[in-house]
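These notes concern the structure reproduced below.
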Amino acid sequence: MLHVDYRPTDLEQIFGNESIVTSLTNIIAREEGMPHSFLFTGRPGCGKTTFAFVLKNHLGISDEDFRIYDTANTRGIDVIRYIIEDMKNAPLNGKRKMYLLDECHQITTDGLNALLRTLEYGCPAHCFFVLCTSELDTIKEKLRAALTRRCSHHEVKPLNPRELGNLMNAILSAEGFEEYPNAIINKIVSVCDGSPGQALAILDSIIEITDEDEALKAIEQHLWGDKNIIEICKIMADPKRSQKWDAVAKILPLIQKQDVEKLRYAMLTWFEKILIDRNDTKIASVMILLTENFMYTGRPGLTLACYLACRKLENYKDLDDDIPF
């Protein structure tokens, strides 16, 4: 898989976010005063965990001493207490160990307080922390301020179109495709919303298709993934259909895709075209419901968003006070 095979292993291989690359390069070069905790923030798919893995490599931390915690599932005080206790142990293979806490905004208040005390007072010289989150603003204000103060904070930005194009052209060249159609590259850039991971996943799915028109159709299919999502969008956007939720509710159970984030973005893209064509405030209201990610709510989050959208589009006055528009 391209997004795995070409995942950067050092700072020089990273496309975009030059200010972070420069900052981390300078930090790593320090003989004294290197921070032991790093915070990477930014929206999903922009490369936060990639920076974590690259930092691991530059600090010479072995796989055995690299501990990854998905704080959506391991978020309580007991996990943080275990980490604090484990910090006392020497690395298994080398001189340093690292703890990666992904989506750290999910850590409980007690857990985050315990972690913050550790970051300020009790982090051994051989231990490093990397915290990543796509929802920094959901952390309570005082805890958020303390977290950003105790960590070397870096806001990871999505790649711009030029950077994404350069990334794909470099990988295509490495794969032996010297004259790849620009139309295909431009299409991928237009649908992946600055996410290098998504861009490479799409490229991987169509790279061997030699016909340009067929490749462009395949990109659309990759974006939508499920024809049922298109049908749901059509039902919602049809001004002549009054009972929308009943029809949508019959389709939702048919959706087998587990990647609801991909479906959410597909729906946003579909409604964007409708909004531009119609200048319809109700469609804009639906899009607002789809701006929050479903990373942790999954299918139930998608179902709830569809329900609220249908009720809004059906113009149920009794729900106006309950729906956040």
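The values are calculated or read from the model by the stated rules, or taken from the named source; none is laboratory data. Since this is a predicted model, take the numbers as computed values, not measurements. Don't worry about glycine lacking a Cβ; one is built from the backbone with ideal geometry, like all the others, and counts go over all protein chains shown.
Kindly indicate the residue of segment 272-300 that is buried (at least 18 other Cβ atoms within 10 Å of the Cβ) and not in a helix (DSSP H, G or I) and also modelled with the highest pLDDT among those meeting that condition. Here the answer is Leu290. For segment 103-124, the tally of residues that are in contact (Cβ under 8 Å) with a residue 12 or more places away in the chain and either among the basic types (Lys, Arg) or in a loop (DSSP other than H, G, I, E, B) (or both) stands at 6. The set of residues in segment 131-163 being of a type in the set (A, V, I, L, M) and within 16 Å of the chain's Cα centre (by Cα) consists of Leu131, Leu136, Val156, Leu159.
When the residues of segment 50-69 are filtered to those that are β-branched (Val, Ile, Thr) and closer than 13 Å to Tyr99 by Cβ, the one that is nearest to the chain's Cα centre (by Cα) is Ile68. Of Tyr99, Tyr180, all but one fail to be over 21 Å from Ile14 (Cα atoms), in contact with a strand residue (DSSP E or B) (Cβ under 8 Å, 6 or more places away or on another chain) and surrounded by 14 or more Cβ atoms within 10 Å (Cβ to Cβ); the exception is Tyr99. For segment 56-66, the condition holds for at least one residue, the condition being that it is surrounded by fewer than 21 Cβ atoms within 10 Å (Cβ to Cβ) and of a type in the set (Phe, Trp, Tyr). On the stretch given as segment 121-135, residues that are closer than 23 Å to Lys95 by Cβ and not aromatic (Phe, Trp, Tyr) total 8.
In segment 2-45, the residue that is surrounded by the fewest Cβ atoms within 10 Å (Cβ to Cβ) out of those that are in contact with a strand residue (DSSP E or B) (Cβ under 9 Å, 6 or more places away or on another chain) and within 20 Å of Leu159 (Cβ to Cβ) is Ser19.
When Ala247, Ala174, Ala215 are screened for being in the same structural domain as Phe271 (by TED's automatic domain parsing) and over 24 Å from the mean Cα position of the chain (by Cα), only Ala247 passes. Looking across segment 301-325, the residues that are at pLDDT below 85 and closer than 24 Å to Pro44 by Cα come down to Gly301, Leu302, Pro324, Phe325.
Looking only at segment 128-139, decide whether some residue is on the phi < 0 side of the Ramachandran plot, charged (D, E, K, R) and at pLDDT below 90. Taking every residue of segment 128-139 in turn, at least one turns out to be on the phi < 0 side of the Ramachandran plot, charged (D, E, K, R) and at pLDDT below 90.
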